Amino acid sequence: MRRAIYPGSFDPVTNGHLDIITRGCRLFDEIIIAILINPEKKPFFSVGERREMLTEILQQIDRGACALRVDSFEGLLVQYAVAQQAEAIVRGIRAISDYEYELQMALMNRRLEPSIETVFMMPAEAYSYVSSRLVKEVFLLGGALDGLVPLLVEERMKKKIEEKPA
Ligand code: PNS
């Protein structure tokens, strides 16, 4: 039984994240998509909203025999991974610019918990420039998001803006 954690902010989940999850499903029996609870950041979507969206979206993903679970965590990622009896952390790397930060985190996590292996995966080229940060920026400036995020995410983003007091 090979269990991996795919941690992140997922604010919001993009098609790039989903591509990594699909690829991860070819390597692992179970992937826990773990949303970081970060009280220091002011997110677009609450952790509860992100959990709900991810759970709904993952129902449509091509997962083979892989089990997918959505969770949230606080504190050290490696402690959470050990508690979940996972053996690996999956992280997507889009470009060389991601690599430096990801390498630092992977090596720090290895120092903290040598039993957990970090696995870097590359998304499809079509998603190599897609990030949650840019998705939010494009959306807030009125740009189109089709192909970048699932339709449900775009709908929820529109709803959120409509609900926001002026
Ligand atoms: O999607 P993100 O924001 O790039 O994800 C970053 C994340 C959640 C993987 C990272 O911030 C993290 O692991 N935070 C938990 C705290 C922790 O373990 N810090 C030490 C990492 S070296």
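Annotations
- Cβ-based charge dipole, the chain, positive-most Cα from Ile96, Ser115, Leu76: Leu76
- For the chain, the convex hull spanned by the alpha carbon atoms encloses 117 Å³ per residue.
- Sequence of Leu140, Leu68 from largest to smallest accessible area, 1.4 Å probe: Leu140, Leu68
- Net charge dipole, the chain: roughly 120 debye, given to the nearest 20, about the Cα centre with Cβ charges of +1 for Lys and Arg and -1 for Asp and Glu.
- Taking all protein chains into account, the per residue accessible area for region 1-121 stands at 54 Å² (1.4 Å probe).
- Surface share of carbon and sulfur [accessible, 1.4 angstrom probe, percent] for the chain: 53 percent
- Charge dipole (region 125-166, unit charges on Cβ, about Cα centre) - positive-most of Ser131, Leu151, Ile161: Ile161
- Accessible area in the full protein assembly, largest first, 1.4 Å probe, for Ser46, Ser132: Ser46, Ser132
The values are calculated or read from the model by the stated rules, or taken from the named source; none is laboratory data. None of these values were measured; they are calculated from a predicted model. As a convention, Cβ positions derive from the backbone with ideal geometry for all residues, glycine included, and neighbour counts pool all protein chains shown. These accessible areas exclude ligands, DNA and RNA; they are computed on the full protein's heavy atoms, side chains included. Shrake-Rupley method; radii C 1.70, N 1.55, O 1.52, S 1.80 Å.
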